[in-house]
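The structure under discussion appears below in the form of structure tokens.
Computed from the coordinates by the stated procedures, all read-outs in this text should not be read as laboratory data. Computed from a prediction, not measured in an experiment: that's the story for all the values here. All Cβ positions, glycine included, derive from the backbone under ideal geometry; neighbour counts span all protein chains shown.
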Amino acid sequence: MTFINNGRFEKFPNKVWLASPTMHDGAEMKYVKEAYDTNWMSTVGANINEVEKVAAEKSGVKYAVALSCCTAALHLCVKFAGEKLYGKPEIGHGAVEGKRVFCSDMTFDATLNPVVYEGGIPVFIDTERDSWNMDPVALEKAFEMYPEVKLVVSAELYGFSGDIKKIKEICEKHGALLIEDAAEAMGATWDGKQCGSYGDYAAVSYNGNKIITGSSGGCLLTNDLEVANKARKWSTQAREAAAWYQHEEVGYNYRMSNVIAGVIRGQYDYLEEHIAQKKVVYERYKKGLKDLPIQMNPFDEKRCEPNYWLSALIIDKDAMCKQVRSGTEAIYIPEKEKSCPTEILEAISSINAEGRPIWKPMHMQPMYRMNEFVTVSGSGRAKTNAYIEGGIEDVGADIFQRGVCLPSDNKMTAEQQDRIIEVIKACFE
């Protein structure tokens, strides 16, 4: 079925995006022009130095290394962790080759692809219902099953942190290192401490849709000067300190451009402003949709201060109409006073606004379906979209089945958001 607007709701003349870059008059161009005027157009320059300084300060760590993207930062995090845990591998072998690594399940695949780059075997840890992040109870169960595991990669979803402090404590208890993927959570805190400062290694993102952006880019975060210096070396093809090009290990072309860094440098002054704007969007959805059988992104209001990057909802189970998804398509049957993510997304699209499904859990992805995943109630492998299989409750699959990311652009007007809210309400009529 397809949602039929029938002209009831007027389309926006310009698309309302899920999350688009928010630029400011002259702030970013000032530093981009500085790079141009001084001819520092490569991967060195004042903008990069300043981004590293500010990124470390804002994240509550000692050092930041500016890289081409957050995935590059995560890759180097995995490489550092693997070499610290298992020693330097032979050329042609990964730093965690053949080793199991516990990874967040409900996330973007960039969180764990670097584990595979380095030869690791992801084991997916199920999602906590109350935060939509890695479940500490399931993580503890995973360590009971595989006590030899020494590396955990945990992502913070949509800018709303789960108990990353507890996850860190569990890692320390089992002698494991923690990589914190704070790509979506820059500026968010748990217990008053910045996301990105809990991990032994961490990463943040400046991708085009993030809370602040450079169009691309990311930073590796660390409290270890040796790690920071080595990351700078690895990210510039691991060139040795010699007059000629001397190479003793594999390197990467991962360093951030000084031009991109100029955009990010100008954006950092607006981080808190963007967070405040995103919070207004979340609160307006929460108020406007309060009478519907839905819940907004859950978080611990006493311990978590989100950055509200993406506002999302989950439909109550008894308010779900019938919905079936294949690998690439979805269909549904409309029912009175019920709806589903597919209907809501079609309804939003009908007025020229962008929404998305919740991240599809990694253990449901074709390339990872044979990897193990661990839930509070057990472990197994997911071969279907069912969220209870063999007595194993799959929380992430359930949230994916019932969840929707809503248009969360901080430039969206109150009038635009009110129309989106009315369209969502119509789905439940």
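Below is a table of values for the structure above.
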read-out: Antiparallel content of DSSP bridges confined to region 27-270, in %, to 5; value: 45 percent
read-out: FRET efficiency for Thr236 and Lys53, using Cβ-Cβ distance with R0 set to 22 Å, rounded to 0.05; value: 0.70
read-out: Net lengthening on full extension, Ala414/Lys290 (0.36 nm per residue, minus Cα-Cα); value: 43.0 nm
read-out: For the chain, calculated [θ]222 nm from helices alone, where every DSSP H run of n ≥ 4 adds -39500 (n - 2.57); value: -10000 deg cm²/dmol
read-out: Coordinate range along principal axes, alpha carbons of region 27-270, Å, largest first; value: 58, 42, 26
read-out: Where labels lie 7 Å past Cα in the beta-carbon direction, separation of His24 and Glu422 in nm; value: 3.4 nm
read-out: Selection from Leu85, Met370, Leu406, by position along the positive dipole direction of the chain (Cβ); value: Leu406
read-out: Computed label-point distance, nm, for sites Lys33 and Val280 using a 7 Å Cα→Cβ extension; value: 2.8 nm
read-out: Selection from Pro13, Tyr31, Ala46, by position along the positive dipole direction of region 7-56 (Cβ); value: Pro13
read-out: Sites matching GluC sites (Glu not before Pro) across region 67-157 that sit in DSSP coil, with at most 11 neighbouring C-beta atoms within 10 Å; value: Glu90, Glu148
read-out: Contact order normalised by residue count of the chain, Cα under 8 Å, 6+ apart, percent; value: 23 percent
read-out: Choice from Val116, Val51, Val65 with maximal GNM fluctuation in the chain (Cα, 10 Å cutoff); value: Val116
read-out: Counting DSSP beta bridges with both ends in the chain, the antiparallel % (nearest 5); value: 60 percent
read-out: Length gained when the stretch Arg8-Glu273 is fully extended (0.36 nm per residue, less Cα-Cα span); value: 91.9 nm
read-out: Sites matching GluC sites (Glu not before Pro) across region 284-373 that sit in DSSP coil, with at most 13 neighbouring C-beta atoms within 10 Å; value: Glu301, Glu329, Glu337
read-out: Potential lengthening between Asp130 and Ala330 on full extension [0.36 nm per residue; Cα-Cα distance subtracted]; value: 69.3 nm
read-out: Shape of region 12-123, Cα gyration tensor, a/c cut at 1.5; value: oblate
read-out: Cleavage-rule hits (GluC sites (Glu not before Pro)) in region 8-76: DSSP loop, at most 14 neighbouring Cβ within 10 angstrom; value: Glu10
read-out: Under Karplus coefficients 6.51, -1.76 and 1.60, residue-wise ³J(HN,Hα) of region 16-28 in Hz, glycine/proline x; value: 8, 8, 4, 6, 10, x, 10, 9, 10, 4, x, 4, 6
